Amino acid sequence: MKWPSKVTVVDSLIKWSDELKRNSNVLSIGYFGSYARGDNGVGSDLDGIVIVKDSKAPFGKRGTEWDLSILPVPVDLLIYTLAEWNKLNKEPSHFIKRLREEVKWIFKTDDSLNL
């Protein structure tokens with residue numbers, strides 16, 4: 001089975017983010033997990049993260065609002081509001097520690113964001 005290379009996947013994510021960042025609600029876009037660590041392989045999904053100013057949709061439903069069809073692999077997309085992200089950063093957790101170590105931000109509107 002031929003699986004897209006890391007370069008192909010990340011280039012597709014950058015192209016996708018170029019469209020998404022036109023949305024004034026989007027503050028940051030990044031990826032983490034195997035593609036960020038460089039240990040991706042056949043069957044690896046892309047773990048993405050987007051920080052938005054605000055969202056009326058519940059956390060678990062936000063990813064359904066985004067068209068991910070341009071991306072060549074399955075995507076697990078986490079979409080946090082800025083308030084949620086700031087709250088998470090104040091709580092000690094293994095997951096947040098991992099995000100802070102692994103996330104490769106490809107778009108940030110403001111360097112003062114706690115990323």
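Computed from the coordinates by the stated procedures, all read-outs in this text should not be read as laboratory data. As the structure is a prediction and not an experimental result, all values here were calculated from the model. Note that we place each Cβ from the backbone using ideal geometry, even for glycine, and neighbour counts take in every protein chain shown.
Looking across the stretch 23-59, the residues that are under 24 Å from Asn86 (Cβ atoms), part of a loop (DSSP other than H, G, I, E, B) and free of Cβ contacts under 8 Å to residues at least 60 places away in the same chain come down to Asn23, Ser24, Asn25, Lys53, Asp54, Ser55, Lys56, Ala57, Pro58. Within the stretch 90-109, residues that are under 21 Å from Ser17 (Cβ atoms) sit with their Cβ atoms under 6 Å from residues that are among the charged types (D, E, K, R), at 6+ positions apart or across chains, in these pairs: Phe107/Lys21.
Do we find that Ile79 is in a strand (DSSP E or B) and either buried (at least 16 other Cβ atoms within 10 Å of the Cβ) or among the β-branched types (Val, Ile, Thr) (or both) in this structure? It is true that Ile79 is in a strand (DSSP E or B) and either buried (at least 16 other Cβ atoms within 10 Å of the Cβ) or among the β-branched types (Val, Ile, Thr) (or both).
Against the numbered list (1) surrounded by fewer than 18 Cβ atoms within 10 Å (Cβ to Cβ); (2) part of a loop (DSSP other than H, G, I, E, B); (3) within 15 Å of the chain's Cα centre (by Cα), Arg98 comes up short only at (2). For the stretch 1-57, a residue qualifies if it is crowded, with 17+ Cβ neighbours inside 10 Å and on the phi > 0 side of the Ramachandran plot, and exactly one does: Gly33.
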